[in-house]
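Undergrad: Quick one: the structure is below, questions incoming.
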Amino acid sequence: MKKRIFLTLVLLIVFNAIQCGGENTEPEDDTPVIVTYESEGTVAAPIVLDYNTDLPYSGQVSGEIGNDYSYYQITGLTANIMYKIYLTGSTGDIYMSLYSAGDFSILNMLGSSYEVMTFTTSVSEIFIKTTHVSDPLSGETGAAYTINVEPVTITQEPLSSMPVTGTVDTTTVVYEISGIDSTLAYNVSLTNLTDNADLIVYGSTDFRLSVLGGSYLCSSEKDGIEDEMCTAKPTGSVLYVEVTGAATVNGSQFTLNVEPVAFTQIAFNADIPYSTTVDNSKSYFEITNLTPGYQYKILISEIIDDTALYIYADSGLKSLLRQWLIKGTGYRDFVHTSDSSLFIVSYAEFPTPFTINLLEISPTVTLNLSTDFPYSGTVGHGMNKYYVTGLTGGLSADVALTGFTDNLDLIVYEDNALILKLCDSLNLGTTDEACSAYSATSAGGAFYVLVSGENAVSTSDFTLNVTQFVP
């Protein structure tokens, strides 16, 4: 089944942290990455077609598949009006590319697609390139088709009217959804399909990919009559939803819905750990009751299938803190909070258990090597963070944790973000912890020590000591 394809170059890679049922959404990671481009070079003079008198037009490509092109210039259009261009009656697989100028350069490319495409031009003309892309083994020596261009009637609907029912033929229909809050994220969906319709969402009438300067937000292009859904992150007060029937036989009925993303609220510490199941329909979680400015360790466990994980600072899902494809059984990382909530989006191709745990890191305490050691402290089921200063350049340091009555661990980092680990000691039970941080000098005579109660069940006293020696 032919599907809408937005952009064809010599090499086009669409990168997603994970592909789930054909949906193309997350961060953006959902945007095609242009790896290389070869100039179109000298092309044949385009066939000039007047919008008012020459359409529909019977065109053709004839010759070797993959190197068989035809070029057209459509004149007489009205600037700033949305049009749809579509091919009918194709005797082979034909691929269209649209350009705003006749040099057919990537700089002037508006997009590309099989059989149907929507565009808004700022001038009165558009340029089209058709390419014969059938299987070389098909034996085709050419292909015929009919080109047509029609204005698009945009159906205006307020968010409050959702959901609405509609139909699409083998071309496309467009909805303008008003009443959108740009600080929120929205799930846009098509359900009750009777044929293979697809979904594309934009932030304005500039229906181009963001890499081409357009307003593309997200899309969903699953096969068959499976529900389509993607998450849009608007930049203004409206969303434009395009429903395309290019992959249908005779069009499709559908129900369109646009609604703010609903987050499952998980209170820290009352609901932690939180266990659930995620699948390819996406799950949204908001961890509440956090302390703004604090640092937290996030732990995801029980995973049995590859799972995409995104952590955001805001409910609009625009401020991405972390993204990861969990290919093992779990994930752990540190994040800083700027507000009282963190927002997690996760999905997997197949249902998998999913447990969220969170550990709070106490505010950093500064300790000087000469005056503050040995240091006596207390930690519960959380983490204490210490910034050790006064280290002498050229010397490494021994870090020791002793005198505790529950299962504590010791980790030393070079940086405040807790990314560059210098050493650790993770013994079981109440066995003393010790490690040597050989990179102390690269940290400018200081490092960070984390005393972790992640595996503790109760509060425990401890003694922390740091000494230096000649390695």
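Undergrad: For a Förster distance of 56 Å, can you work out the FRET efficiency between the beta-carbons of N148 and T264, rounded to the nearest 0.05?
TA: So the FRET efficiency works out to roughly 0.75.
Undergrad: Taking 0.36 nm per intervening residue step and subtracting the Cα-Cα distance, what contour gain separates A79 from T405 on full extension?
TA: 109.8 nm
Undergrad: Let me ask something additional. Straight-line reach only, C-alpha to C-alpha below 27 angstrom: list the lysines that K318 could link to, leaving out same-chain residues fewer than 8 apart.
TA: Within the straight-line limit of under 27 Å, K318 reaches these lysines: K222, K233, K282, K297, K327.
Undergrad: Using the basic label-point model (7 angstrom from Cα toward the beta carbon), what is the N465 to A45 distance in nanometres?
TA: My value for the distance between the label points is 9.2 nm.
Undergrad: Once you have the Cα-Cα distance between Q253 and I419, take 0.36 nm times their residue separation minus that, and quote the gain in nm to one decimal.
TA: Working: separation 166, 0.36 × 166 = 59.76 nm, distance 5.08 nm.
Residue separation times 0.36 nm, minus the Cα-Cα distance, leaves 54.7 nm.
Undergrad: Which FRET efficiency, nearest 0.05, do E302 and N108 yield, Cβ-Cβ r, R0 56 Å?
TA: So, using R0 = 56 Å, E works out to roughly 0.65.
Undergrad: What is the range 166-225's relative contact order, in percent, from Cα pairs under 8 angstrom and six or more apart in sequence?
TA: Values: 52 pairs, mean separation 17.2, N = 60.
Averaging sequence separation for qualifying contacts and normalising by length gives 29 percent for the range 166-225.
Undergrad: Based only on Cα atoms, what Rg/Rh ratio does the chain have, Rh being taken as Kirkwood's radius?
TA: Value, to two decimals: 1.12.
Undergrad: So, one more: Calculate, in whole percent, how much of the Cα-Cα pair population of the range 365-469 lies beyond 23 Å.
TA: 18 percent
Undergrad: Can you work out the base-10 log of I(q)/I(0) for the range 47-150 at q = 0.15, 0.22 1/Å, using the Debye formula on its C-alpha atoms alone?
TA: Cα-only, vacuum Debye calculation for the range 47-150: -0.57, -1.16.
Undergrad: Of L320, T307, A397, whose Cα points farthest to the positive end of the dipole of the range 279-431 (charges on the beta-carbon: +1 Lys, Arg; -1 Asp, Glu; origin at the Cα centre)?
TA: Value: L320.
Undergrad: What percent does the relative contact order of the chain come to when contacts are Cα pairs within less than 8 Å and at least six residues apart?
TA: Relative CO of the chain lands at 12 percent.
Undergrad: If I take every Cα pair under 8 Å that is 6 or more residues apart in the range 47-150, average their sequence separation and divide by the length, what percent do I get for the relative contact order?
TA: Relative contact order for the range 47-150 comes out at 44 percent.
Undergrad: Next up: When we measure straight from the Cα of K84, which lysines land under 21 angstrom away, once same-chain ones fewer than 8 places off are left out?
TA: Of all the lysines, those that pass the test against K84 - Cα under 21 Å, at least 8 places apart if same chain - are K2, K3, K129.
Undergrad: Could you give the semi-axes, largest first, of the ellipsoid that matches the range 153-259, computed as the square roots of 5 times the alpha carbon gyration tensor eigenvalues and rounded to whole Å?
TA: The equivalent ellipsoid of the range 153-259 has semi-axes of 21, 15, 12 Å.
Where a number appears in this text, it was derived from the coordinates with a stated rule and is not lab data. Note that the coordinates shown come from a computational prediction; the quantities given were computed from them, not determined experimentally. Neighbour counts run over all protein chains shown; Cβ positions are idealised from the backbone, glycine included.
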